[in-house]
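Please treat every number below as a calculation from the coordinates, not as lab data. As the structure is a prediction and not an experimental result, all values here were calculated from the model. Every residue, glycine among them, receives a Cβ derived from its backbone with ideal geometry; neighbour counts consider all protein chains shown.
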Amino acid sequence: MSIQVNNITHIYSEGLPQQSVALEDVSFRAEDGEFIGIIGHTGSGKSTLVQHLNGLLKPKSGTIIVGGTDITAEGVLMRDIRRKIGLVFQYPEYQLFEETVEKDIAFGPSNLGLDEEQIARRVKEAIELVGLDYEEIRRRSPFDLSGGQKRRVAIAGVIAMKPEVLILDEPTAGLDPKAHQDVLSMIEKVHAYENNIIILVSHNMNDIAKLADKILVMDGGRLAMQGTPQEVFSQEEKLTSMGLALPQSARLMKLARDRGLPFEGNYLTIAHAEEELYQFLKRD
Ligand SMILES: Nc1ncnc2c1ncn2[C@@H]1O[C@H](COP(=O)(O)OP(=O)(O)OP(=O)(O)O)[C@@H](O)[C@H]1O
Ligand SMILES: [Mg+2]
C-alpha cells in the first residue's frame, strides 16, 4: 500500500472575491509502513492536504493514487477509500455522539459489514490500544469523560476500522503534558502494532523530529521542503523564514555551540543531546 500525490491544487471559493488557493502543485509519496510528519505555519494548507487524502476534498487538478486506485477519479466509491484511510480530525472529541463509549467506537466497524463478534473484538482491541481500561470505560457515556479520555475514545473509533493509512490532524492540540505524551505513545504503539502508514500533522517539532521517517513542510499552500528529519532540520534559516523552529534539543545544542562548545551534529531528540552532553562532561 502506498499513496502517490501528483501535482494537486485546491482553491476554496473559486471565482468568488474570497477565493483562496490553499494548495498549489503539491506532490509526494508515502510508502508502506512509513511515518510521515507534516509541519507548517498556521494556514499553510496542512488540513486541506490531509482532507484530500481520504477523499473528503477533491483537488481542482492533480491526482491521488492510493494503493493503485485513483481516488480523484469520477465514480470512485468513497466508502472503500474511508475503509482504507482513517482520518482523525483536530479536536475529534466533538464528534463523539453515542450513548456509550462502546457504541461510539463500534460505529465505524459496524459500517464495514462485520458480524457482532468481530465488532466487539475490534472495539475491545481499540480501547486497549489507546490505553483505556475496557471493562471500566465501555459502558460510560463519552460525554462524562475527561478531555484526554474523550480524545482517546475518538481516536479508538478510527483505529477500530483498522485503516491501512492513519492520518491524525494535530491530535495532541490542547492536551496537558501527560495526556500529550500518552497520545503520542499510543500513536507509536499503533504504528508498531499495525505497521500502517501514519501521517501526523503537528506544530510540535520535538514530536515530529522524534517520530517521523519523512517530513513534509507546507508554506503558503506549497510543499516547501521534504526530507528526513536530519535533512529538514539542518536548514534552520529556511525554516525560520517560514515561521518554524528547530526541535528544542537542537536549539539548546546550537546555543552551546555558538558559545564555543564542540557540538557539531544536529541533535533532533533530547536523548541524543543528553548522550552528547554526558560524553562531553565525562571527558577530562
Ligand atoms: N472551508 C474553507 N473555506 C475557505 N477557505 C478555507 C477553508 N478552509 C481553509 N481555508 C483557507 O485555506 C488555507 C489553508 O487552510 P488549512 O486549514 O488547510 O491550514 P492549516 O495549515 O491546517 O492551518 P492550522 O495550522 O491553523 O490548522 C487558509 O488560508 C485558510 O484560510
Ligand atoms: Mg489545520
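Rank by packing, highest mean first: peptides 14-24, 91-101, with packing defined as the count of other Cβ atoms within 10 Å averaged across residues.
Result, highest mean Cβ count within 10 Å first: 91-101, 14-24.
Normalised by the number of residues in segment 16-169, what is the relative contact order in percent for Cα pairs under 8 Å and 6+ residues apart?
Dividing the mean separation by the residue count of segment 16-169 yields 27 percent.
Relative contact order of segment 38-91: what whole-number percent is it, with Cα pairs under 8 angstrom and at least 6 residues apart?
Dividing the mean separation by the residue count of segment 38-91 yields 29 percent.
Pick out, from Ile159, Thr63, Asn195, the residue whose Cα sits farthest towards the positive end of the charge dipole of the chain, with +1 on the Cβ of Lys and Arg and -1 on the Cβ of Asp and Glu.
Ranked along the dipole, the leading option is Thr63.
Compute the distance from the alpha-carbon center of segment 30-55 to that of segment 203-271, in whole Å.
Going from one Cα centre to the other spans 18 Å.
Please report, for the Cα atoms of segment 110-150, the Rg to one decimal and the Dmax as a whole number; what are they, in angstrom?
11.4, 31
From the gyration tensor of the Cα coordinates in segment 1-58, what semi-axes in whole Å does the equivalent ellipsoid have, largest first, with each one equal to sqrt(5λ)?
In descending order, the three semi-axes are 23, 12, 9 Å.
What order, most packed first, do the peptides 107-117, 268-278 have when packing is the mean number of other Cβ atoms within 10 Å of each residue?
268-278, 107-117
By what distance, in whole Å, do the Cα atoms of segment 37-120 stretch along each of the three principal axes, largest value first?
Extents along the principal axes: 42, 31, 20 Å.
Give me the one-decimal nm value for the distance between modelled label points at Leu112 and Gln235, 7 Å along each residue's Cα-to-Cβ direction.
Calculated label separation equals 3.8 nm.
Nothing charged except the Cβ atoms of Lys and Arg (+1) and of Asp and Glu (-1): what's the magnitude of the dipole of the chain about its Cα centre? Round to the nearest 20 debye.
Here the chain has a charge dipole of around 320 debye.
Quick check: pseudo-label points 7 Å beyond the Cα along Cα→Cβ at Ala173 and Ser13, how many nm apart are they?
That separation, rounded to one decimal, is 2.0 nm.
Rg to Rh ratio, segment 95-204, alpha-carbon atoms and Kirkwood radius?
0.94
State, in angstrom, two size descriptors of the chain derived from its alpha carbons: Rg to one decimal place and Dmax to the nearest whole number.
According to the Cα coordinates of the chain, Rg and Dmax are 20.4, 70 Å.
Nearest 5 is fine: what % of DSSP beta bridges in the chain come out antiparallel, could you say?
50 percent
Can you pick out the pairs among Lys162/Lys214; Lys58/Lys210; Lys210/Lys254; Lys60/Lys103 whose Cα atoms lie more than 28 Å from each other?
Lys58/Lys210; Lys60/Lys103
Principal axis extents for segment 1-159, Cα atoms only, whole Å, descending order, please.
Extents along the principal axes, in whole Å: 51, 33, 28.
Which value, in debye to the nearest 20, gives the size of the charge dipole of segment 1-126 about its Cα centre, when Lys and Arg are +1 and Asp and Glu are -1 at the Cβ?
240 debye
Expressed as cubic angstrom per residue, what is the convex hull volume of the alpha carbon set of segment 187-284?
In segment 187-284, the Cα hull volume divided by residue count equals 105 Å³.
At 222 nm, what value in deg cm²/dmol follows for the chain if DSSP H runs of at least 4 each add -39500 (n - 2.57) and the sum is divided by all its residues, to the nearest 500?
-12000 deg cm²/dmol
When the Cα centres of segment 148-165 and segment 73-101 are compared, how far apart do they sit, in Å?
10 Å
To two decimal places, what compactness ratio does segment 87-160 give when its Cα radius of gyration is scaled by 2.2 N^0.38 Å?
Segment 87-160 yields a ratio of 0.97.
Among 72-82, 149-159, what's the highest-first ranking by average C-beta atoms within 10 angstrom per residue?
149-159, 72-82
Report the FRET efficiency, 1/(1 + (r/R0)^6), for Glu125 and His41, where r is their Cβ-Cβ distance and R0 is 25 Å, rounded to 0.05.
The computed FRET efficiency comes out at 0.10.
Kindly state, to the nearest 0.05, the FRET efficiency for Tyr193 paired with Asp144, given R0 = 22 Å and r defined as their beta-carbon distance.
Plugging the Cβ-Cβ distance into 1/(1 + (r/R0)^6) gives 0.20.
State, as an integer percentage, the relative contact order of the chain based on alpha-carbon contacts under 8 Å between residues 6 or more apart.
Taking the mean separation of contacting Cα pairs over the length of the chain, I get 22 percent.
Given R₀ = 22 Å, FRET efficiency for Asp25-Thr228 by Cβ-Cβ distance, to 0.05?
Taking R0 as 22 Å, the efficiency between Asp25 and Thr228 is 0.45.
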